[in-house]
Each structure stands twice: as structure tokens, then as C-alpha cells.
Amino acid sequence: MIMNENNKNKITVDEIVDCVGLYCPVPIFETRKKINSMEKGQILKMMADDPGSKPDMESWARTTGNQLLKVEEEDGVFIFYIEKTE
């Protein structure tokens, strides 16, 4: 497990998907593929620099029922923390 130590509310991450440099729809496909291989309650950290990834991931989470726990942005890279709930 990987700990995110950038804030007081630490999120324990079970898996990571790096989609930096990839553009729509690849980050969604890669996220879906990884989430489908995970157990309910596990947390995925996905990173992407596609400007459309934030609204795409928010919509994807609503549509699939998975929980988008947190979104951060660092140096033009969006970092998503997603809990598998389905």
C-alpha cells in the first residue's frame, strides 16, 4: 500500500494508474480496466494531465457508482482517488 502524505487526511492507495501524456478516452479506459480488477473498498490513484480528465472522471464516477474521494492538481497533473464501490 502507498500512503499519500501531502495532506493531513491520508488516503491509503491500493493501486496506481499513470495516464500522464494520454488523452481522452484512454484515461477512462485505463481507469475502468484497473478498477474492474480491484476488490470492493480498494482505492485507485489515477494521474492524468488531459484538461478534460477532471469532468470526465467526475462523470464516470457518477455513472459507474464508484466514489471519487478526492481530486488534486499539481503542476498541471490531476490526481484522482477513486474507491471501488461496485
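The values are calculated or read from the model by the stated rules, or taken from the named source; none is laboratory data. Just so it is clear, the model here is predicted, and its values are computed rather than measured. Cβ: placed from backbone, ideal geometry, glycine included. Neighbour counts: every protein chain shown. Surface accessibility is based on the protein's heavy atoms, side chains included, excluding ligands, DNA and RNA. Shrake-Rupley method; radii C 1.70, N 1.55, O 1.52, S 1.80 Å.
Computed values, structure above
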| item | result |
| --- | --- |
| Every pair of residues 6+ apart whose Cβ atoms lie under 7 Å, when the first sits in the stretch 11-23 and is assigned to a loop (DSSP other than H, G, I, E, B) while the second is hydroxyl-bearing (S, T, Y) | I11/Y81 |
| Qualifying residue in the stretch 29-37 (condition: in contact (Cβ under 8 Å) with a residue 40 or more places away in the chain, of a type outside the set (G, A, S) and not in a strand (DSSP E or B)) | yes |
| Selected residue (only one of D18, D14 is at pLDDT 95 or above, exposed (fewer than 14 other Cβ atoms within 10 Å of the Cβ), over 17 Å from A61 (Cα atoms) and charged (D, E, K, R)) | D18 |
| Search result, residues across the stretch 38-86 that are more than 16 Å from L22 (Cα to Cα), aliphatic (A, V, I, L, M) and part of a strand (DSSP E or B) | I43, L44, L68, L69, V71, I82 |
| Whichever residue in the stretch 36-76 is farther than 15 Å from V26 by Cβ and of a type in the set (A, V, I, L, M, F, W, C) and, among such residues, is most open to solvent (accessible area, probe 1.4 Å) | L69 |
